[in-house]
Amino acid sequence: MNERQDVAEQASAEREDSGMLTAVGLFALTFASMLYVGCIWANVDPLADGLLSIWRGWPFAVPLMAILLSHELGHYFAARRHHVDVSPPYFIPMPFTLIGTFGAVIRMRSPIESRDALLDIGAAGPLAGFVVTLPVLIYGLAISPVERLDPNVHYLVEGRSLLYSGLIYALKGPIADGFDILLSPTALAGWAGLLVTMINLVPVGQLDGGHVAYALFGPRQDQYSRRVLHGLLVLALLISGGAMLSAWHHSQSISSAAFAGLNWGIWWLILSLMMRANAGHPPTAPSELTSIRRIVAWGTLALFVLLFMPTWIRET
């Protein structure tokens, strides 16, 4: 019996070592990917200017990696606190995307027993990431200039939530027509942190927002989750329809405006496939949230409303 236990413990230790090595390797690749994207945003071409110039992407890559790492470690340490067998975060490098990564994946290798634990684990990631995002964004916006836009130049305009718009107003005041804030790489990293947090807080399936909502509502959340999922498709169509009407009214390109809701449409498709693969949220033991955790749950879902961006990014 003891020999079997020793073998099992040895196998578990080897699995942990292998998983940690994989996590460290993916972390390094993802950071390099984000440095590359940071160079692109800073108008630096590492392939033409030499590979050492890739470090010029650090004002974007370092704060963004700090945001994403704090998010994932929030989940990890909350899971460990509740004695859930959890993998280290596996980052996904993707250099030819807006932020250089598709985020990270953490595997829960044992069930989450209580709704208190589910709330702690689900909310810890986005809340930890948001705590790091806020000072990064405030500093980045403070050093970003407000300039007159060239009518002959096409610009990429980032999505704007209630919180983000409020911060711009607080730091820069009202911005006149024909002018806009041109984001510094650090501000862009902070904005990306808001975007990632918002996406994860959609109260659907096994996203962070889905975990928080299930902890709050219990098995009823499976039904609510399906309703929210259908609502995302309607939202995508409404955003595109509204953008097309606005473009027609201002004699602009209707075909370009049709893609305004594309991001939400793609996210609806991805979540639909994920939910089809999983019958419902894994149940927890019958229990109720403590009073303080109920407040945290509602506050976390309210944060989604403050961070909601109708359009993630568009070209003007």
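The values are calculated or read from the model by the stated rules, or taken from the named source; none is laboratory data. Values in this document were obtained by computation on a predicted structure and should not be read as measured data. When we count neighbours, we look across all protein chains shown, and the Cβ atoms used for this are built from the backbone with ideal geometry, even at glycine. Remember, those area values only see protein heavy atoms, side chains included, never the ligands or the DNA or RNA. Shrake-Rupley method; radii C 1.70, N 1.55, O 1.52, S 1.80 Å.
Please work out how much length the chain gains when fully extended from Lys172 to Glu288, using 0.36 nm per residue of separation minus the C-alpha to C-alpha distance, in nm with one decimal.
37.3 nm
Can you tell me the 0 to 90 degree angle between the C-alpha axis of helix 162-172 and the longest principal axis of the chain, rounded to 10?
So the inclination is approximately 50 degrees.
Going by alpha carbons, how many degrees (0 to 90, nearest 10) lie between the helix axis of 208-217 and the longest principal axis of the chain?
On a 0 to 90 degree scale, this one is about 60.
Pop a pseudo-label 7 angstrom from the Cα along the beta-carbon direction at both Ser110 and Arg226 and give the gap in nm to one decimal.
Rounded to a tenth, the inter-label distance reads 3.3 nm.
Please find the FRET efficiency linking His250 to Ile138, where r is the Cβ-Cβ separation and R0 is fixed at 22 Å, and quote it to the nearest 0.05.
The computed FRET efficiency comes out at 0.10.
With each pseudo-label sitting 7 Å past Cα toward Cβ, what's the Asp49-Asp85 distance in nm, one decimal?
In this crude label model, Asp49 to Asp85 measures out at 4.8 nm.
Return the equivalent ellipsoid semi-axes of the stretch 138-182 as a descending list in whole Å, where each equals the square root of 5 times an eigenvalue of the C-alpha gyration tensor.
They are 19, 12, 10 Å, listed from largest to smallest.
Would you work out the charge dipole size for the chain about its Cα centre, treating the Cβ of every Lys and Arg as +1 and the Cβ of every Asp and Glu as -1, and quote it to the nearest 20 debye?
The calculation lands at about 740 debye.
Rounded to the nearest Å, what's the spacing between the alpha carbon centres of the stretch 98-170 and the stretch 230-245? Just the number, please.
The distance from the Cα centre of the stretch 98-170 to that of the stretch 230-245 comes to 23 Å.
Can you give me the Kirkwood hydrodynamic radius for the stretch 28-75, using every pair of distinct Cα atoms, in Å to one decimal?
Every distinct Cα pair counted, the radius reaches 10.9 Å.
Just the number, please: Stokes-Einstein D of the chain in µm²/s, Kirkwood Rh from C-alpha pairs, 4 °C, 1.567 mPa s.
The Stokes-Einstein estimate is 61 µm²/s.
In what sequence, highest mean first, do 63-71, 117-125 appear when ranked by Cβ atoms within 10 angstrom?
117-125, 63-71
For a Förster distance of 30 Å, can you work out the FRET efficiency between the beta-carbons of Thr316 and Ile92, rounded to the nearest 0.05?
0.50
Given the options Ala124, Met108, Leu137, identify the residue whose Cα lies farthest towards the positive end of the charge dipole of the stretch 91-178 (+1 on Cβ of Lys, Arg; -1 on Cβ of Asp, Glu).
Met108
Ignoring everything except DSSP H segments at least 4 long, calculate the 222 nm mean residue ellipticity for the chain; use -39,500 (n - 2.57) per segment, divide by total residues, nearest 500.
-21500 deg cm²/dmol
Can you tell me the Rg and the Dmax, both Å, for the Cα atoms in the stretch 140-299?
Considering the stretch 140-299 through its Cα atoms, Rg and Dmax are 19.5, 61 Å.
Below 8 Å, C-alpha to C-alpha, sequence gap of six or more: please give me the relative contact order for the stretch 132-273 in percent.
Worked out over the stretch 132-273, it gives 20 percent.
In the chain, what percent of the accessible surface is made up of carbon and sulfur (1.4 Å probe, ligands and nucleic acids excluded)?
About 66 percent, which is the carbon plus sulfur part of the accessible surface.
Please give the peptides 254-261, 137-144 ranked by average Cβ packing (other Cβ atoms within 10 Å per residue), highest first, as a rough proxy for protection.
137-144, 254-261
Pairs of Cα atoms under 8 Å, at least six residues apart: use those to get the relative contact order of the chain, whole percent.
RCO, the chain: 19 percent.
Using just the Cα positions, wrap the stretch 75-114 in a convex hull and report its mean projected area in square nanometres, one decimal place.
3.2
Compute the accessible area per residue over the chain, keeping the other protein chains in place, probe 1.4 Å, unit Å².
54
Just from the alpha-carbon atoms, what are the Rg and Dmax of the stretch 180-223 in angstroms?
15.0, 46
For the stretch 31-107, give the magnitude of the charge dipole about the Cα centre (Cβ charges: +1 Lys/Arg, -1 Asp/Glu; no others), in debye to the nearest 20.
260
Mind checking the angle between helix 58-81 and the chain's longest principal axis? C-alpha axes, 0 to 90 degrees, to the nearest 10.
30
Past the 22 angstrom mark, what percentage of all C-alpha to C-alpha distances in the stretch 97-215 do you count?
That fraction is 45 percent.
Suppose we keep just the alpha-carbon trace of the stretch 49-140; what are its Rg and Dmax in angstrom?
15.6, 54
Enumerate the whole-percent occupancy of each 10 Å bin, from 0 to the last occupied one, for all C-alpha pair distances of the stretch 261-316.
Going out from 0 Å in 10 Å bins, the stretch 261-316 shows 17, 27, 37, 15, 2, 0 percent.
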